[in-house]
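Here is the structure we will look at.
The values are calculated or read from the model by the stated rules, or taken from the named source; none is laboratory data. Because the structure is predicted, anything quoted here is derived from the model rather than measured. All Cβ positions, even for glycine, are placed from backbone atoms using ideal geometry, and neighbour counts span all protein chains on display.
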């Protein structure tokens, strides 16, 4: 079976995933990639569960390292990949059958081209169709000779020249972002602290307007204008949590600046 899969797989695309304690979800992600590539690079930053063992069962190349930041760890995996064409995923992101076929049939003829992929984001296994999560596209397939991740600690971005051609692919990345409310709140607080730290390093200030009016604007934007209310209770929870995140990042920024 492995030999057959290897024959069907593309030999010019590598997949790079960063992990830490993803044993609950990583097998689902890796299983979805078996028809696409034989080169999967895992950059693990100190998992204490079965993440590494599961990845090795799927014959992934596992790099065990410490945490240096999202962009840095992703670039570490890109450097270790066998191929120049990189599909960059997170541990909780699988690909659907339509995207599998798009990737298998794709003519990768120009390293000046990058590929934009639609995301289907799930909240506790419910697909969120509207609001902040409902209109999500991200560039995730690119050639490492022309593209890399920047080195910011959080909310990393791809860096590429203005002349790069952006092409949309058919199919979806299935993002199983949170499994329960507690996990969602924990992630929100974690990212708010990390973003506040990034703001401190960038010299940004926590104004009264940003701390108290930006959260309200974020809620109205995503729940009303972007139709988050059509996702029911989950849409309300996501819009409210986005507002809370906006408040917390400026709250933590203010705390950090006061300690300087």
> Here are some conditions: (1) in contact with a strand residue (DSSP E or B) (Cβ under 9 Å, 6 or more places away or on another chain); (2) crowded, with 17+ Cβ neighbours inside 10 Å; (3) closer than 22 Å to residue 92 by Cα. Residue 152 meets all but one. Which one does it not meet?
Replying inline: (1)
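Anything in the stretch 46-75 that is at positive phi and at pLDDT below 95? List them, or say none.
Here is the first cut: in the stretch 46-75, the residues at positive phi are 46, 59, 69.
Within the stretch 46-75, just 69 meets the criteria.
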> If you take the residues in the stretch 199-219 that are loosely packed, with under 14 Cβ neighbours inside 10 Å and over 25 Å from the mean Cα position of the chain (by Cα), which one is farthest from residue 243 (Cα to Cα)?
Replying inline: 203
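Determine which member of the set 177, 188 is within 20 Å of the chain's Cα centre (by Cα), closer than 30 Å to residue 96 by Cβ and either in a loop (DSSP other than H, G, I, E, B) or modelled with pLDDT under 95 (or both). Talk me through it step by step, then tell me what you get.
Working: 188 fails: either in a loop (DSSP other than H, G, I, E, B) or modelled with pLDDT under 95 (or both).
Going through 177, 188 in turn, the sole match is 177.
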> Which condition number does residue 73 fail, the rest of (1) farther than 22 Å from residue 149 by Cα; (2) out of contact with any helix residue (DSSP H, G or I) (no Cβ under 8 Å at 6 or more places or on another chain) being met?
Replying inline: (1)
> Taking the stretch 221-233, which residues are out of contact with any strand residue (DSSP E or B) (no Cβ under 8 Å at 6 or more places or on another chain), surrounded by 14 or more Cβ atoms within 10 Å (Cβ to Cβ) and either on the phi < 0 side of the Ramachandran plot or without any contact (Cβ under 8 Å) to a residue 60 or more places away in the chain (or both)?
Replying inline: 221, 222, 223, 226, 228, 229
> In the stretch 72-98, what residues are part of a helix (DSSP H, G or I) and either closer than 19 Å to residue 177 by Cα or out of contact with any strand residue (DSSP E or B) (no Cβ under 7 Å at 6 or more places or on another chain) (or both)?
Replying inline: 72, 74, 79, 97
> Taking the condition in contact with a strand residue (DSSP E or B) (Cβ under 6 Å, 6 or more places away or on another chain), crowded, with 22+ Cβ neighbours inside 10 Å and assigned by TED's automatic domain parsing to the domain that holds residue 174, does residue 63 pass?
Replying inline: no
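Residue by residue, here is whether (1) over 16 Å from the mean Cα position of the chain (by Cα); (2) at positive phi; (3) at pLDDT 95 or above; (4) in the same structural domain as residue 94 (by TED's automatic domain parsing) holds:
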site: 10; (1), (2), (3), (4): yes, no, no, yes
site: 13; (1), (2), (3), (4): yes, no, yes, yes
site: 16; (1), (2), (3), (4): no, no, yes, yes
site: 20; (1), (2), (3), (4): no, no, yes, yes
site: 23; (1), (2), (3), (4): yes, no, yes, yes
site: 29; (1), (2), (3), (4): no, no, yes, yes
site: 44; (1), (2), (3), (4): no, no, yes, yes
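In the set 203, 131, 171, which member is touching a strand residue (DSSP E or B) at 6+ places or on another chain (Cβ under 8 Å) and at positive phi?
Numbers: 203 fails: touching a strand residue (DSSP E or B) at 6+ places or on another chain (Cβ under 8 Å); 131 fails: touching a strand residue (DSSP E or B) at 6+ places or on another chain (Cβ under 8 Å).
On inspection, the qualifying residue turns out to be 171.
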>> Exactly one of these conditions fails for residue 75: (1) closer than 29 Å to residue 125 by Cα; (2) surrounded by 15 or more Cβ atoms within 10 Å (Cβ to Cβ). Give me its number.
In response: (1)
